[in-house]
Amino acid sequence: MPKSKDFWDKRAGRYDAKPKKGPNFAARLERAAAVFEKTDRVLDVGTATGEITLDLAPHAGEVLGIDHSARMVEAANGRARERGVTNVRFEQMEPDDPRLEPGTFNAITVYSVIHLLKDAPATLARLRDLLIPGGHLITETPCLGDWNLLWRILIRLVVLVGMAPPILSLEADGLEKMIADAGFEIIERKVYNPKSGLECVLARKRSA
Ligand SMILES: C[S@@+](CC[C@H](N)C(=O)[O-])C[C@H]1O[C@@H](n2cnc3c(N)ncnc32)[C@H](O)[C@@H]1O
């Protein structure tokens with residue numbers, strides 16, 4: 001089984017072949033824009049080729065997109081240059097990178113990444129530390145554990161043959177508890193589009 005980083009490096013070249021700007025995309029941006037202030041410093045974890053990160057930028061002061069795949073970051077930087085977006089930066093990093101300073105982000109977005117993490121509770125606790133007091137966490141996560149048996153088997157097979165990276169079998173209730181246990185107050189949890197299968201959680205950093 002390939003390591004997650006190697007898997008995404010290999011995928012980077014054709015990641016954008018599948019159009020991403022469907023209804024989920026627009027709704028996702030709208031929800032983020034409603035939470036962000038125009039001066040906010042935002043961290044987007046698992047930025048991939050930067051498509052979503054770049055569209056978040058007009059709603060915030062500055063956005064840092066991070067991804068552990070160097071090739072994804074390279075593509076994202078190219079796209080930012082092409083579009084002339086100047087308030088976005090992309091870096092090859094994982095959330096535990098010491099270059100990220102605690103208490104410096106107003107909001108953190110994590111779209112379709114939590115199910116890919118090696119230690120999701122530890123990463124969520126780290127994201128909490130990176131936020132300012134009261135800062136927002138916005139997540140969208142496929143909760144494979146809640147999908148029907150056929151899908152679960154199919155996904156397992158796809159992972160086994162190396163066509164997908166290792167995936168956590170999260171359940172929505174468990175995910176909500178994990179986020180709360182990492183030091184967040186849950187503001188909203190909702191599946192906006194049942195077809196997407198994405199569990200959307202909006203949470204706020206608890207002060208203590
Ligand atoms: C399924 S893609 C999601 C991309 C984008 N957020 C979206 O919703 O379209 C997952 C991305 O997260 C990155 N990723 C996975 N685990 C990561 C980690 N621990 N640190 C940084 N990036 C990670 C992968 O390299 C990949 O680009």
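The values are calculated or read from the model by the stated rules, or taken from the named source; none is laboratory data. These figures come from a predicted structure and were not determined experimentally. No Cβ is skipped: glycine too gets one built from the backbone with ideal geometry, and neighbour counts run over all protein chains shown. Keep in mind that these areas ignore ligands, DNA and RNA; they rest on the heavy atoms of the full protein, side chains included. Shrake-Rupley method; radii C 1.70, N 1.55, O 1.52, S 1.80 Å.
A few comments on the model shown:
- Taking the helices alone, the chain has a mean residue ellipticity at 222 nm of -10500 deg cm²/dmol, built from -39,500 (n - 2.57) per DSSP H run of at least 4 residues and averaged over all its residues.
- Given Lys177/Lys205; Lys5/Lys118; Lys10/Lys177; Lys20/Lys195, the pairs whose alpha carbons are separated by over 22 Å: Lys10/Lys177
- Put simply, the amide H of Val88, placed in the peptide plane, has neighbours under 5 Å in Val63, leaving out anything fewer than 5 places away on its chain.
- Cα-centre dipole for the stretch 82-141 with unit charges at Cβ (Lys and Arg positive, Asp and Glu negative), debye to 20: 100 debye
- Share of carbon and sulfur in the accessible area of the stretch 1-144 stands at 52%, probe radius 1.4 Å.
- Cα gyration tensor category, rounded, prolate or oblate, for the stretch 52-208 with a/c compared to 1.5: oblate
- Taking packing as the residue-averaged number of other Cβ atoms within 10 angstrom, the listed peptides 125-137, 61-73 run from highest to lowest as 61-73, 125-137.
- Accessible area expressed per residue, the chain, with surrounding protein chains retained (probe 1.4 Å, Å²): 51 Å²
- Rounded to 5, percent antiparallel among DSSP beta bridges of the chain: 40 percent
- Close amide-amide hydrogen proximity is noted between Leu43 and Leu64, Ala107, Ile108, Thr109, each under 5 Å apart and 5 or more residues distant or on a separate chain (H modeled in the peptide plane; Pro and chain starts excluded).
- Between the stretch 144-208 and the stretch 1-30, the alpha-carbon centres lie 17 Å apart.
- For the stretch 1-61, GluC sites (Glu not before Pro) meeting the loop criterion (DSSP other than H, G, I, E, B) and having at most 14 other Cβ atoms within 10 Å: Glu37.
- Put simply, the amide H of Leu198, placed in the peptide plane, has neighbours under 5 Å in Asn193, leaving out anything fewer than 5 places away on its chain.
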